[in-house]
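Inspection log for the structure reproduced underneath, given as structure tokens.
The values are calculated or read from the model by the stated rules, or taken from the named source; none is laboratory data. None of these values were measured; they are calculated from a predicted model. Counting neighbours? That spans all protein chains shown, and the Cβs are built from the backbone with ideal geometry, glycine included.
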Amino acid sequence: MKMSLTELDDDIVRSMAIGAVFSDFGGKVNSIDFHRKDDLLVTASEDDSVRLYDIANAKLLKTTYHKKHGADRICFTHHPSSVICSSRYNLDSTGESLRYLSMYDNRCLRYFKGHKERIVSLCMSPINDSFMSGSMDHSVRIWDLRVNACQGILHLRGRPSVAYDQQGLVFAVAMEGGAIKLFDSRSYDKGPFDTFLVGGDMAEVCDIKFSNDGKSMLLTTTNNNIYVLDAYGGEKRCGYSLEPSPNITIEATFTPDGQYVVSGSGDGTLHAWSINTRNEVATWTSHIGVPSCLKWAPRRAMFVAASSVLTFWIPNTSNADSNPTDTEVGAQSEQPQ
């Protein structure tokens, strides 16, 4: 049975449990991304590996190693076997801060040079070949997959975090002092058309996401606060504080229906909140320490959390139905300890 996402409710969210575990990484997972339309997940980790998974069957499809540049931030392009990956090494000497990779034949299709320091935020436009990167060199660069040269640069203060809305018409840049600037993707050179301030919290934003319906924005700050903002007016809809996690930035995620937020915390727990009621609906032990990566799959009742171990979380329907279903993954992977 495929769990329809329109069916998500407090009980289903509460029932989420680990369905598959992959523990063969040689270091922390730096970032993860789901393909928008195919049942695929990609990871980039400190062991310089990029790994591609079939999430419907909990199966590792392919591993490639990138010893020269490393593998830091990663996101899918529109093609299911192509990704953009940011470099960890040799940024100063080569300037090859981003690579367009084919997982199909392990080829680098294009290098993108420009950033001189580590990239901390990366996202692909949902509608065309544009993508954006935010770097510790205090710049956001806008690129096109088909062209080597950078298409546009925004110079900012602090650590930038970037995100496109689901229609690809607007992008948000979060920066120092809790400021979020919204740009029209087609005319960003005219400057932001709106600026929001997260009142009372001056910490840097380490991650920003739009909900699928475009109505909400999710911010995670470096001091472990999570905020849900109204994407049109910038008002704070709700906020949550997590346990501190020294040296690990926490990632939070919307469910695809935009009704829930799921996040890790510094004490190794995972939490889910209902945005409408502002109440916490579930707490779980992560079983993997503090997860540095956490994302909900776009079209499934499933999320993934990762530290140096990757875990797939799915609704635990075993009490109600002992027959295997295609949301019960894990047959091909290690079972949780």
Seminar exercise, completed: Expected single match for assigned to a strand (DSSP E or B) and more than 22 Å from S133 (Cα to Cα) among V21, V42 is V21
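To keep it simple, each residue is scored yes or no on (1) part of a strand (DSSP E or B); (2) modelled with pLDDT under 95; (3) of a type outside the set (G, A, S).
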residue: H79; (1), (2), (3): no, no, yes
residue: C85; (1), (2), (3): yes, no, yes
residue: C123; (1), (2), (3): yes, no, yes
residue: G134; (1), (2), (3): yes, no, no
Problem set entry | region 151-205, subset out of contact with any Phe, Trp or Tyr (no Cβ under 6 Å at 6 or more places or on another chain) and hydroxyl-bearing (S, T, Y), residue farthest from H115 (Cα to Cα) | T195
For this session: Return a yes/no flag: does region 61-80 have any residue that is of a type in the set (D, E) and either at positive phi or in contact with a Phe, Trp or Tyr (Cβ under 8 Å, 6 or more places away or on another chain) (or both).
Result: no
Exercise. Just wondering, is there one or more residues in region 51-71 that are of a type in the set (S, T, Y), part of a loop (DSSP other than H, G, I, E, B) and closer than 19 Å to R107 by Cβ?
Worked result: no
Exercise. Filter region 107-144 for residues that are basic (K, R) and under 20 Å from the mean Cα position of the chain (by Cα); which is surrounded by the fewest Cβ atoms within 10 Å (Cβ to Cβ)?
Worked result: R118
Exercise. Quick one: is D33 within 17 Å of the chain's Cα centre (by Cα), crowded, with 18+ Cβ neighbours inside 10 Å and farther than 26 Å from R110 by Cβ?
Worked result: no
For this session: Please tell me if T327 is in contact with a Gly (Cβ under 9 Å, 6 or more places away or on another chain) and either modelled with pLDDT of 95 or more or not in a strand (DSSP E or B) (or both).
Result: yes
Seminar exercise, completed: Scanning region 223-261 residue by residue, those without any contact (Cβ under 8 Å) to a residue 12 or more places away in the chain and either in contact with a strand residue (DSSP E or B) (Cβ under 7 Å, 6 or more places away or on another chain) or among the hydrophobic types (A, V, I, L, M, F, W, C) (or both) turn out to be E235
Seminar exercise, completed: Taking first residues from region 149-166 that are small (G, A, S) and second residues anywhere that are in a loop (DSSP other than H, G, I, E, B), the pairs with Cβ under 9 Å that are 6 or more apart or on different chains are A149/G114; G158/H138; G158/E204; S161/E204
Problem set entry | Filter result (among the small types (G, A, S) and free of Cβ contacts under 8 Å to residues at least 40 places away in the same chain) within region 172-222 | G177, A179, S187, G191, G199, G200, A203
Exercise. Does any residue in region 89-111 that is touching a residue at least 60 places away in the same chain (Cβ under 8 Å) come within less than 9 Å, Cβ to Cβ, of a residue that is of a type in the set (S, T, N, Q) and assigned to a strand (DSSP E or B) six or more places away or on a different chain, and which pairs are these?
Worked result: M103/T64; M103/S82
Exercise. When you go through K215, K295, K236 one by one, which is the residue that is basic (K, R), in contact with an Asp or Glu (Cβ under 9 Å, 6 or more places away or on another chain) and under 26 Å from F22 (Cα atoms)?
Worked result: K295
Exercise. Does region 142-165 contain at least one residue that is in contact with a His (Cβ under 6 Å, 6 or more places away or on another chain) and of a type in the set (A, V, I, L, M)?
Worked result: yes
